[in-house]
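Taking it in order: structure first as structure tokens, then the write-up.
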Amino acid sequence: FYQTQAGNINPNSVVLGLTRSSTTFTIPKPSKYSRKRLSQVSDMIEPLRAVRDGYLLTLIIGTPGQVIQVYMDTGSDLTWVPCGNLSFDCLDCDDYRNNKLIGTFSPSNSSSSFRDTCGSSFCIDIHSSDNSFDTCIEAGCSLSTLLKATCSRPCPSFAYSYGEGGLVAGTLTRDSLRVHGSSPYITKDVPRFSFGCVGTTYREPIGIAGFGRGVLSLPSQLGFLQKGFSHCFLAFKYANNQNISSPLFMGDTATSSSDSMQFTPMLKSPMFPNYYYIGLEAITVGNVKSAEVPLNLRKFDSQGNGGMLIDSGTTYTHLPEPFYSQLLSMLQPMIAYPRATDVERRTGFDLCYEVPCPNNRFTNDPFPSITFHFMNNVSLVLPQANYFYAMSAPTNSTGVKCLLFQSMDDSSYGPAGVFGNFQQQDVKVVYDLEKERIGFQPMDCAAAAISQGLHKN
């Protein structure tokens with residue numbers, strides 16, 4: 001999430017801006033689907049590829065189309081892609097040095113690509129923060145000049161920062177973006193889509209599609225901020241599976257809901273109004289309800305700090321201290337398995353257990369259930385695989401599962417907690433932007449993907 005602190009992070013906690021686990025994937029070829037005019041298509045469905053730390057969205061940019069895979073991130077606005085086949089440079093990205101399948105975009109190979117100008121709303125937006133890395137003044141266009149739209153030069157290069165020190169630098173570029181309509185066989189071309197053409201990054205090896213509410217975000221530019229979007233994230237056991245994708249909906253289809261959908265109000269952060277916050281009221285472990293959670297998980301202070309950010313770009317849910325430690329103390333007496341303290345030291349996770357695996361197969365172990373209670377009487381029972389997860393394949397009929405929650409740091413700046421994508425697996429999540437609410441419904445996302453034709457036999 002943009003310019004906020006993610007917490008007391010260990011090397012296995014993947015938060016947007018931190019070093020990610022190594023992944024490999026094949027870049028698909030652009031499809032030869034039929035085209036329709038933009039005005040004829042009001043809904044969108046896009047496939048999301050599950051990888052070990054998030055979900056990848058395929059962008060087709062330029063003329064002819066170049067295919068780039070980027071992370072879907074509800075905790076930022078800017079959409080950016082790596083630019084330049086040889087010139088793209090990612091610092092402190094050693095895990096990706098040997099991954100030659102990461103796609104890059106070449107503006108010189110697109111006949112419809114051009115650099116954005118100073119006077120555009122997108123240029124003003126990307127230079128309007130108090131980012132200490134911003135290059136506007138050095139480029140000769142101060143913020144006041146930009147706001148007056150009197151700068152005739154190309155939009156100055158930008159620097160965009162993420163939590164825990166991630167940083168990307170590049171130029172604001174416009175080009176044609178091809179997206180799918182209400183079925184995989186209908187596409188539409190969005191002209192003059194604005195995105196970052198990034199040549200240098202720090203700890204950010206793969207591009208990002210920003211799904212926040214700012215003018216630069218992908219849903220904003222596609223005209224869906226008055227409607228909304230929804231996703232159903234596949235479980236991580238499908239990571240790097242080429243044959244099945246998570247469904248991402250945008251438009252009216254995304255916000256239509258069933259009777260079993262529960263909605264919690266979307267809270268407005270004075271500090272980060274472009275991002276999505278919800279209020280956490282309690283957590284139940286087994287049949288024991290926790291003490292009331294800290295007020296700052298559902299309220300903002302006078303400076304705008306607090307609230308619980310729901311973020312597809314953060315892997316694990318983060319909770320503030322001492323509430324996080326209280327949750328651990330509730331769990332421990334309910335679990336009879338022996339602790340795997342060596343795995344805890346190696347991974348940095350706080351609760352790891354050795355579980356029996358008959359025939360070296362994991363079963364649905366009797367861990368206590370965990371239920372999140374959000375505002376408006378919304379109760380979300382997490383699937384067990386969303387909080388206790390296998391660290392490796394079992395051996396000698398024993399395996400290790402760890403609790404994949406983590407603590408925030410003790411900083412009072414930014415959100416008080418984060419609801420990460422790992423805890424959102426096998427749950428349909430609806431961002432109803434028209435009614436300012438977020439909905440949850442447990443669902444078999446693999447079955448949902450098959451029903452939408454997002455599965456290859």
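The values are calculated or read from the model by the stated rules, or taken from the named source; none is laboratory data. A quick note: this is a predicted structure, and the numbers were derived from the prediction, not measured. Glycine gets a Cβ as well: all are built from the backbone with ideal geometry, and neighbour counts include every protein chain shown. Heads up: the accessible areas ignore ligands, DNA and RNA and are worked out on the full protein's heavy atoms, side chains in. Shrake-Rupley method; radii C 1.70, N 1.55, O 1.52, S 1.80 Å.
Taking the conditions exactly as written (at pLDDT 90 or above and assigned to a loop (DSSP other than H, G, I, E, B)), does Leu86 satisfy them or not? Spelling it out, it is not the case that Leu86 is at pLDDT 90 or above and assigned to a loop (DSSP other than H, G, I, E, B).
Would you check which residues across the range 298-319 are buried (at least 24 other Cβ atoms within 10 Å of the Cβ) and over 22 Å from Gly54 (Cα atoms) and list them? If the condition is that a residue be buried (at least 24 other Cβ atoms within 10 Å of the Cβ) and over 22 Å from Gly54 (Cα atoms), then Gly306, Gly307 are the ones that fit.
None of Phe233, Phe272 is surrounded by 19 or more Cβ atoms within 10 Å (Cβ to Cβ), hydrophobic (A, V, I, L, M, F, W, C), assigned by the TED database to the domain that holds Val381 and touching a strand residue (DSSP E or B) at 6+ places or on another chain (Cβ under 9 Å) except Phe272. Within the range 142-167, residues that are of a type outside the set (Phe, Trp, Tyr) reach partners that are modelled with pLDDT of 75 or more and in a helix (DSSP H, G or I) with beta carbons closer than 6 Å, at six or more positions or on different chains, in the pairs Leu146/Ile124; Cys155/Cys123.
Screening the range 376-393 for residues that are surrounded by fewer than 15 Cβ atoms within 10 Å (Cβ to Cβ) and touching a Gly at 6+ places or on another chain (Cβ under 9 Å) and picking the one that is nearest to Glu292 (Cα to Cα) gives Asn376. Checked against (1) of a type in the set (D, E, K, R); (2) surrounded by fewer than 22 Cβ atoms within 10 Å (Cβ to Cβ); (3) in a loop (DSSP other than H, G, I, E, B), Glu204 passes all but condition (2). Is it the case, given these coordinates, that Lys227 is open to solvent by 20 Å² or more (accessible area, probe 1.4 Å), closer than 17 Å to Leu433 by Cα and among the charged types (D, E, K, R)? Yes. Among the residues of the range 417-457, those identified as of a type in the set (S, T, N, Q) and open to solvent by 10 Å² or more (accessible area, probe 1.4 Å) are Gln441, Ser451, Gln452, Asn457. Scan the range 176-201 for residues that are out of contact with any Asp or Glu (no Cβ under 6 Å at 6 or more places or on another chain), over 18 Å from Leu48 (Cβ atoms) and open to solvent by 30 Å² or more (accessible area, probe 1.4 Å) and jot them down. Across the range 176-201, the qualifying residues are Tyr185, Ile186, Asp189, Pro191, Arg192. Within the range 242-252, one or more residues are surrounded by fewer than 22 Cβ atoms within 10 Å (Cβ to Cβ), under 29 Å from Asp89 (Cα atoms) and at pLDDT below 90. Looking at the range 44-75, which of the residues that are of a type in the set (A, V, I, L, M, F, W, C) and either over 14 Å from the mean Cα position of the chain (by Cα) or assigned to a loop (DSSP other than H, G, I, E, B) (or both) is nearest to Ser110 (Cα to Cα)? Here the answer is Ile61.
On inspection, Gly223 qualifies as out of contact with any His (no Cβ under 8 Å at 6 or more places or on another chain) and in a loop (DSSP other than H, G, I, E, B). When Arg339, Arg346, Arg361 are screened for being in contact with a Phe, Trp or Tyr (Cβ under 7 Å, 6 or more places away or on another chain) and open to solvent by 70 Å² or more (accessible area, probe 1.4 Å), only Arg339 passes.
State all residues of the range 320-336 that are open to solvent by 50 Å² or more (accessible area, probe 1.4 Å) and in contact (Cβ under 8 Å) with a residue 60 or more places away in the chain; if no residue qualifies, say none. Listed by number, the residues that qualify are Glu321, Ser325.
The residues of the range 273-288 that are at pLDDT 90 or above and part of a loop (DSSP other than H, G, I, E, B), listed by number, are Pro273, Asn274, Tyr275, Tyr276, Gly279, Gly286. Scanning the range 345-387 for residues that are on the phi > 0 side of the Ramachandran plot and either within 24 Å of the chain's Cα centre (by Cα) or not assigned by the TED database to the domain that holds Glu281 (or both) turns up just one, Gly348. Restricting the range 44-73 to residues that are of a type in the set (D, E, K, R) and out of contact with any Lys or Arg (no Cβ under 6 Å at 6 or more places or on another chain), the residue that is modelled with the highest pLDDT is Asp73. Applying the condition of being within 20 Å of Gln66 (Cβ to Cβ) and outside any loop (DSSP other than H, G, I, E, B) to the range 92-131 and asking which residue is modelled with the lowest pLDDT yields Tyr96. Counting residues in the range 398-406 that are under 30 Å from Ser217 (Cβ atoms) and surrounded by fewer than 21 Cβ atoms within 10 Å (Cβ to Cβ) gives zero.
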